[in-house]
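**Student:** The structure's right below; bear with me while I get my questions together.
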Amino acid sequence: MKHLDTAAHTRGEARFIADLELPPGCLHAAVVESPVPLGHRLRVEAAGAESVPGVVRVFTAADIPGENQIGGIILDEPLLADGELHFVGQPVALVVAESLAAARLGAAAVALSCEELPAIFDPRQAAASGQLIMASRILECGDLDAAWPRCEVVVSGRVDSGGQEHLYFETQSAIALPLEGGRLQLLSATQSPTLVQRIAGRVLGLPMNAVEVDVARLGGAFGGKEDQATAWALLAALACYHLRRPVRLVLDRDQDMRATGKRHPYSSDFRLGLAADGTILAYQVTLYQNAGAAADLSPAILERSLLHATGSYFIPNARITAHSCRTNLPPFTAMRGFGAPQAMFVIESAIARAAEALGVPAADIQRRNLLDEGDPFPYGMRVERSQARRAFAELEERADVAGLRRSIDDFNRDHALTKRGLALMPVCFGISFTSTFLNQAS
């Protein structure tokens, strides 16, 4: 399939929001961020900013005409901080000026004060403190407790996977334009224009049909502009609503990386039980999802982790527990894989540990336990048209895995300080999204 924008991208002709010719009278916006991860009794002093030449106005939570709430799944995220601060980079105020330089000088002149509180960054600490985004989820199949005595080998351990920056080429960007009749047009770099429209109506106290959202193109997103683009579009919209002038807001790279969420870090505990021949009989895993300071898409991502925790393997007895933990980091968000990679990494790590205990290659355990036709997943769905064994065998043949292993062994034997390795990982998506209508094209 040919990409429609290939020629324009190659020639540098494609225009993104930051490239658009500014409409007459366009103002520039800069965001005042929280400098602390957790604080209360917030006070905002804007006099210094208002005295900066070119500054038109400073907006705070008190200027929001509707509801100060941008949460999509759970209503737990204000557009602008109001009395409390929950992460470094959280938007506190918006400075609007005749030039970008004046807006940034104004933002630097806003004085913030608060009482800083001890922050939580570790999801395990958050779970122990009862700081959960939602009720924990447990998925079980078989009889796990009865399975453990039948296991010849039992291994356990902890696995941690870190966050990951999307690093899209185009930073979070938006332009808000006033239309007749009190309506607004938002040019937004978002993957979810309907979400932006719906929440703009909520925040501004307008019907959805009074807000038009247009997306010409995205300069990359990878999930980072599903929910996360909403706040920046609404900040521009808030200023445009009050001033009835166009407003442009484009984050610089440092601010984008500081204030936006990444792929969710997970910390997990596993216990895996196998027969002497490597057949997996029992699996228990607890997933601690670091959700950050607000829900964003964490509930949906946690469900994806829950439903992909057994990977591409048939495991007859399993108990999967998942906690979405609230910490004082920017709300983590969608990224390619949407929770499945974090859970799959745990089962693959458990198999690697079991391979060491059994003294066999991990691929032997993987191959033995691959899903077959009719095998049930932990959530009850049965495998149809299974291709796992065929695909695994074909990959080993095409890639000459046996030859690669021999060459790696030769290299490692001759090099004391430098080593090579090889790993295989089958991937299976049993359920794409837990909202059925989202799977229509799959």
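**Student:** Tell me what the chain gives for mean residue ellipticity at 222 nm when only DSSP H runs of n ≥ 4 count, each as -39,500 (n - 2.57), the sum divided by the residue total, rounded to 500 deg cm²/dmol. Spell out each step's value before the answer.
**Tutor:** Working: 13 runs with 126 residues, N = 442.
Using -39500 (n - 2.57) per qualifying helix, the result is -8500 deg cm²/dmol.
**Student:** What's the center-to-center distance, using Cα atoms, between the stretch 237-253 and the stretch 330-404 in Å?
**Tutor:** One Cα centre to the other: 48 Å.
**Student:** Same structure, new question: State the Cα centre-to-centre distance between the stretch 67-120 and the stretch 294-314 in whole Å.
**Tutor:** One Cα centre to the other: 30 Å.
**Student:** Stretch Phe169-Glu50 to full length: gain in nm at 0.36 nm per residue minus the Cα-Cα span? Mind dumping the intermediate values first?
**Tutor:** Working: separation 119, 0.36 × 119 = 42.84 nm, distance 3.29 nm.
39.5 nm is the gain from fully extending Phe169 to Glu50.
**Student:** Which net charge results for the neighbourhood of Ser386, defined as the other residues with beta-carbon distances under 10 angstrom from its beta-carbon, given Lys and Arg at +1 and Asp and Glu at -1? Don't jump to the answer; show the numbers that get you there.
**Tutor:** Numbers: positive: Arg382, Arg385, Arg389, Arg390; negative: Asp372, Glu373, Asp375, Glu384.
Here the count lands on 0.
**Student:** Evaluate E = 1/(1 + (r/R0)^6) for Ala276 and Asp409, where r is the Cβ-Cβ distance and R0 equals 22 Å; express this FRET efficiency to the nearest 0.05.
**Tutor:** Numbers: r = 26 Å, r/R0 = 1.17.
It comes out at approximately 0.30.
**Student:** How much length, in nm to one decimal, is gained on full extension between Phe121 and Glu21, taken as 0.36 nm per residue of separation minus their Cα-Cα distance? Numbers along the way, then the final one.
**Tutor:** Working: separation 100, 0.36 × 100 = 36.00 nm, distance 4.16 nm.
Here the segment from Phe121 to Glu21 would lengthen by 31.8 nm.
**Student:** Placing +1 on the Cβ of each Lys and Arg and -1 on the Cβ of each Asp and Glu in the chain, which of Ser188, Val215, Ser51 has its Cα farthest towards the positive end of the resulting dipole?
**Tutor:** Val215
**Student:** Can I ask one more? Compute the separation of the alpha-carbon centres of the stretch 255-271 and the stretch 172-199 and state it in Å as a whole number.
**Tutor:** Here the two parts' Cα centres lie 28 Å apart.
**Student:** Additional query: Using a ≥ b ≥ c from the Cα gyration tensor of the chain (square roots of the eigenvalues), is it rounded, prolate or oblate, where a/c under 1.5 gives rounded and otherwise the larger of a/b and b/c decides, a/b for prolate?
**Tutor:** prolate
**Student:** Which of Leu85, Leu422, Leu100 moves the most in a Gaussian network model of the chain with Cα springs under 10 Å?
**Tutor:** Leu422
**Student:** While we're here: GNM on the chain, C-alpha springs below 10 Å: top fluctuator among Thr418, Thr310, Thr171?
**Tutor:** Among Thr418, Thr310, Thr171, the largest GNM mean-square fluctuation belongs to Thr418.
**Student:** Determine which lysines satisfy two conditions relative to Lys262: a Cα distance under 23 Å, and not lying fewer than 8 residues away in the same chain.
**Tutor:** Correct list for Lys262: Lys225.
**Student:** Oh, and also: Cut-off 10 angstrom, C-alpha nodes, Gaussian network model of the chain. Which of Asn412, Asn68, Asn209 fluctuates the most?
**Tutor:** Asn412
**Student:** Could you quote the convex hull projected area for the stretch 162-302, Cα atoms only and averaged over all directions, in nm²?
**Tutor:** 11.2
**Student:** Using the Cα gyration tensor of the stretch 1-54, with a ≥ b ≥ c the square roots of its eigenvalues, what is the shape: rounded (a/c below 1.5), prolate (a/b larger than b/c) or oblate (neither)? Don't skip to the answer; put the middle values down first.
**Tutor:** Numbers: a/c = 5.41, a/b = 2.00, b/c = 2.70.
Oblate.
**Student:** Another question about this same structure. Convert each backbone phi in the stretch 367-380 into a coupling constant with the Karplus relation 6.51 cos²θ - 1.76 cosθ + 1.60 (shift: θ = phi - 60°), then list the ³J(HN,Hα) values in order as whole Hz, x for Gly and Pro.
**Tutor:** Values, residue by residue: 4, 5, 10, 4, 4, 10, 4, x, 5, x, 7, x, 8, x Hz.
**Student:** Points 7 angstrom from Cα along the Cβ direction at Leu395 and Arg43: gap in nanometres?
**Tutor:** 6.0
**Student:** Further, regarding this structure: First check a/c for the stretch 1-144, with a ≥ b ≥ c the square roots of the eigenvalues of its C-alpha gyration tensor; if it is under 1.5, answer rounded, and if not, answer prolate when a/b is larger than b/c or oblate otherwise. Kindly include the intermediate steps, with their values, before the conclusion.
**Tutor:** Values: a/c = 2.69, a/b = 1.21, b/c = 2.23.
Oblate.
Laboratory data are not the source of any read-out in this text; all were calculated from the coordinates shown. None of these values were measured; they are calculated from a predicted model. A quick note on method: Cβ atoms are made from the backbone with ideal geometry, for glycine too, and the neighbour counts reach across all protein chains shown.
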